[in-house]
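One structure is given below, encoded as structure tokens.
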Amino acid sequence: MKVRLTLFAEIPIKSRPVRIQMQRRLMRNVRATLKDLDPELRLTDCWDCLELTLSEQGQEHWALVRERLARVAGIADIRPLETTELADLEALIDWVLSLQGSRLAHRRFALQVRRRGKHDWDSVTLKRRLGQAILKACPGSRVDLSNPEVSLNLVIREQRVELEGGRIPGLGGYPTASIGSALVLISGGYDSAVAAYEGMRRGLRCHFLFFNLGGPAHETAVQHVAHQLWLQYGSACKVRFVSVPFGEFVAALKHQVHPRNRGVVLKRAMFEVADLASRRLRSKVLVTGESICQVASQTLENLQLIDQQAAQPVIRPLATWSKEEIIVRARQIGIAGLVEGAPEYCGDLGEKPAAKAREGRVVYGESRLPEDILQRAWASASIRHINEIVSAGAGVAVPEWSYLPKDALLVDIRPDIGRGPVPGSAGHKNCQWVPHYQVAEVQGEWPENQQVLLYCDQGAMSRRQAAYLNSMGERKGLAVGVYVPERRPPGDASEPGVQSSRK
């Protein structure tokens, strides 16, 4: 079986050395992506396409092959080809009908014929005869040259016939890693995940840099997102996942920096550490998910202040995207389920952040922080191949309670900003407030055999923290669940119970 992989339109128009380099990179990526499905596949380099020949093993896994090829950057579309030896005109028409007849019933179709060599008939005759045969054999079919539902492309070279019966859309863009390496600042939300995808699709080998603001559960959630992006769209390349513990910095930030300037100071600090990580990984640019004026730290004035700390160019693929467009793309690429409901840790730094922070006040706030705090954070960073990260808490059941058992310890893990009373907790005596980024440290102080219920506004943060704590298995008798107050209509005094057990 042959498959024609049409190149992204901008690749063939490059200069010859650049085009050859990109095609070779794409061939390596295709082989790496399909090596477990068909180790014997063959690739032929053509001017504007690659021709992929699958062995019998690859043909048996055609559904998976097609699915993976559709996620390889650099391929505009995928065109499966059927081939045969030319006998006579009637036999050729019967062969086409046997392969495509079932697809053409009650559908609009168009024919394209290209022919090279000497034959007893010309291309116009073949097209007319084949069209008549399809209309007769396929009820409800009709010709539509402007907007066909099915396009049949027939190529005849001497006595060899190729039939292209359909086109499968590809990812487009440049082959991953054909442009260079980038470092993506990933937080686990929609924006940074979609920005990483756009970077891969544009030819960047994207390493991931994660600043841990929410403890082990936060890192677990982000690992899921990064690993899924790599697995789906960049697994042909070796990629690193860098995790930098930033809890100490955030704690110092809240004590030493004015609330209005904390967001800008945090982003500037991240760029300083990103410069150290870039040198280690030899990446050439930074990629972020920032969108102009989406939040206060992303106004033009604040972005200018933040970029002052960047030693490398900063690419913002989503700079002009709306939040709705970002969410739509996240759903299209299959990562919306992983990032939906992800808590915004950077939004927990202070009320009324400055939309136009003043440089002098930002610099003054930075001067109040310990001089070596960023060096200590980087010294504690971990760098691993993304395929080696193990997501703790995956598949661990998390019981959810819609009411508060009498002896349960209720732990409010919301940040202090705007924190009100926990709904339904009036009169409950065993309560604590522990910010999400300190849960892993404080859990050692909880009594043995204690039932613990975590609470946050949306439930996403508390579920992740509970899954992580339950997966560790270090505290015998410690059962951690989440408290999700049941929203009942007024006047409904029925006793709620355990709602579910999530995995």
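A few points about this structure:
- ARG31 paired with ARG331, simple spin-label distance in nm, labels 7 Å along Cα-to-beta-carbon: 4.0 nm
- Of the trypsin sites (Lys or Arg not before Pro) in the stretch 84-162, those whose Cβ has at most 11 other Cβ within 10 Å and which sit in DSSP loop: LYS118
- Nonlocal amide H pairs with ARG205, under 5 Å, H built at 1.01 Å: ALA177, ILE179, GLY180, SER181, ALA182
- For the chain, the mean residue ellipticity at 222 nm estimated from helices alone is -10500 deg cm²/dmol, where every DSSP H run of n ≥ 4 contributes -39500 (n - 2.57) and the total is divided by all residues, rounded to the nearest 500.
- Calculated FRET value between LYS2 and ALA110, using beta carbons and R₀ = 25 Å, to 0.05: 0.70
- Here each label is just a point 7 Å from Cα along the line to Cβ, and for LYS238 and ASP457 those points are 4.4 nm apart.
- Set LYS267/LYS356; LYS35/LYS238; LYS254/LYS352; LYS267/LYS352; LYS14/LYS284; LYS238/LYS267 screened for pairs whose C-alpha atoms are more than 24 Å apart: LYS238/LYS267
- Spread of Cα-to-Cα distances over 10 Å intervals beginning at zero, given as percent, for the stretch 14-119: 11, 35, 31, 21, 2
- If R0 is 22 Å, the Cβ-Cβ spacing of GLN256 and SER382 corresponds to a FRET efficiency of close to 0.25.
- In plain terms, the chain from TRP433 to GLU445 could stretch by 3.0 nm, reckoned as 0.36 nm per residue minus the Cα-Cα distance.
- Look at MET270, MET1, MET200, MET27 and count the other Cβ atoms within 10 Å of each Cβ; fewest to most, that gives MET1, MET27, MET270, MET200.
- Above 26 Å, the calculated P(r) of the stretch 95-209 contains 47 percent of its Cα-Cα pairs.
- Pairwise FRET efficiency - ARG167 versus ILE292, Cβ, R0 = 35 Å, nearest 0.05: 0.45
- The coefficient of translational diffusion for the chain, derived via Stokes-Einstein from the alpha carbon Kirkwood radius under 20 °C and 1.002 mPa s, stands at 81 µm²/s.
- Alpha-carbon radius of gyration plus Dmax, which is the widest Cα pair, for the stretch 180-388 in Å: 16.0, 46
- Residues in the stretch 1-42 that a label on GLU51 would reach, taking backbone N under 17 Å of a point 7 Å out along Cα→Cβ: 1-7, 27, 41-42
- Taking amide H positions as modeled 1.01 Å from N, with prolines and chain starts lacking one, the residues under 5 Å from ASN212 and 5 or more places away or on another chain are VAL244, PHE246.
Values quoted throughout were computed directly from the atomic coordinates according to the rules given, and no laboratory measurement underlies them. Computed from a predicted structure; not experimentally measured. Ideal geometry is used to build each Cβ from the backbone, glycine not excepted, and the neighbour counts take in all protein chains shown.
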